[in-house]
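Q: Input: one structure, supplied below.
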Amino acid sequence: QVAVAGAAAALLAVGLADQQLNGDNPRVYDFRGALEDVSERARPGDVLVYSPQYLGPVVEYYAGEVDARPLDDGLPRPRRGRRVILLGSFFDKPHYREAAAEAVRDLKRGHELDAARRYPQIRVWEFTR
């Protein structure tokens with residue numbers, strides 16, 4: 001019985017380590033990496049639009065110097081020389097996935113897609129007018 005309990009404990013420990021250390025873990029969200037990249041690339045006049053809206057505190061923490069607003073407030077009006085950066089996450093929820101897809105379609109109508117980047121569980125699109 002001791003051997004069985006030891007084997008079970010070892011198996012659970014291996015599973016826990018894999019769950020916590022595996023980079024493909026779907027619970028991993030790299031907001032820090034995504035928003036630090038956005039902060040480095042953003043120029044005066046650029047606007048970061050993010051979805052879902054409850055990411056506001058995370059955006060403020062990692063990219064507080066960037067003009068940012070939730071997608072629920074609408075897309076900014078197109079202006080020449082101004083980039084719109086769209087950050088989306090939680091695409092396992094249909095509402096957020098569809099909202100980001102609609103925003104990308106809308107932005108493609110008046111802007112040029114300059115870059116699309118992927119981070120764990122996050123996507124970032126950069127558009128220029």
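Q: When you look at R82, is it modelled with pLDDT of 95 or more and closer than 19 Å to L35 by Cα, yes or no?
A: Working: modelled with pLDDT of 95 or more: no; closer than 19 Å to L35 by Cα: yes.
No; evaluated as a whole, the condition is false for this residue.
Q: Given the conditions (1) open to solvent by less than 50 Å² (accessible area, probe 1.4 Å); (2) in contact (Cβ under 8 Å) with a residue 60 or more places away in the chain, and given that Y29 satisfies all but one, which numbered condition is not satisfied?
A: Condition (1) is where Y29 drops out.
Q: Oh, and also: Can you name the residue in the stretch 95-129 that is part of a helix (DSSP H, G or I) and open to solvent by 70 Å² or more (accessible area, probe 1.4 Å) and is also modelled with the lowest pLDDT among such residues?
A: Residues of the stretch 95-129 part of a helix (DSSP H, G or I): 95-110.
Filter again for open to solvent by 70 Å² or more (accessible area, probe 1.4 Å), leaving 95, 97-98, 102, 105, 108-109.
Values: H95: 97, R97: 97, E98: 98, E102: 98, R105: 97, K108: 95, R109: 92.
Among them, the one singled out is R109.
Q: Next up: Filter the stretch 47-65 down to the residues that are in a helix (DSSP H, G or I) and hydroxyl-bearing (S, T, Y) and list them by number.
A: Of everything in the stretch 47-65, those that are in a helix (DSSP H, G or I) and hydroxyl-bearing (S, T, Y) turn out to be Y54, Y61, Y62.
Q: When only residues in the stretch 32-60 that are surrounded by 12 or more Cβ atoms within 10 Å (Cβ to Cβ) and of a type in the set (S, T, Y) count, which is farthest from the chain's Cα centre (by Cα)?
A: Looking at residues that are surrounded by 12 or more Cβ atoms within 10 Å (Cβ to Cβ) and of a type in the set (S, T, Y), I get S39.
Q: Can you name the condition, by its number, that P26 falls short on among (1) in a helix (DSSP H, G or I); (2) modelled with pLDDT under 95?
A: Condition (1) is where P26 drops out.
Q: Quick one: in the stretch 61-82, of everything that is on the phi < 0 side of the Ramachandran plot and in contact with a Lys or Arg (Cβ under 8 Å, 6 or more places away or on another chain), which residue is most open to solvent (accessible area, probe 1.4 Å)? Talk me through it step by step, then tell me what you get.
A: At the first step, the residues of the stretch 61-82 found to be on the phi < 0 side of the Ramachandran plot are 61-73, 75-80, 82.
Filter once more, so that each one left must be in contact with a Lys or Arg (Cβ under 8 Å, 6 or more places away or on another chain): 62, 76, 78-80, 82.
On the way: Y62: 73, P76: 13, P78: 69, R79: 131, R80: 191, R82: 31 Å².
Restricting to residues being on the phi < 0 side of the Ramachandran plot and in contact with a Lys or Arg (Cβ under 8 Å, 6 or more places away or on another chain), the top hit is R80.
The values are calculated or read from the model by the stated rules, or taken from the named source; none is laboratory data. On a predicted model such as this, the values are computed, not experimentally measured, just so you know. Every residue, glycine as well, gets a Cβ built from its backbone with ideal geometry; the counts of neighbours run over all protein chains shown. Quick note on the areas: whole protein, heavy atoms, side chains included, nothing else; ligands and nucleic acids left out. Shrake-Rupley method; radii C 1.70, N 1.55, O 1.52, S 1.80 Å.
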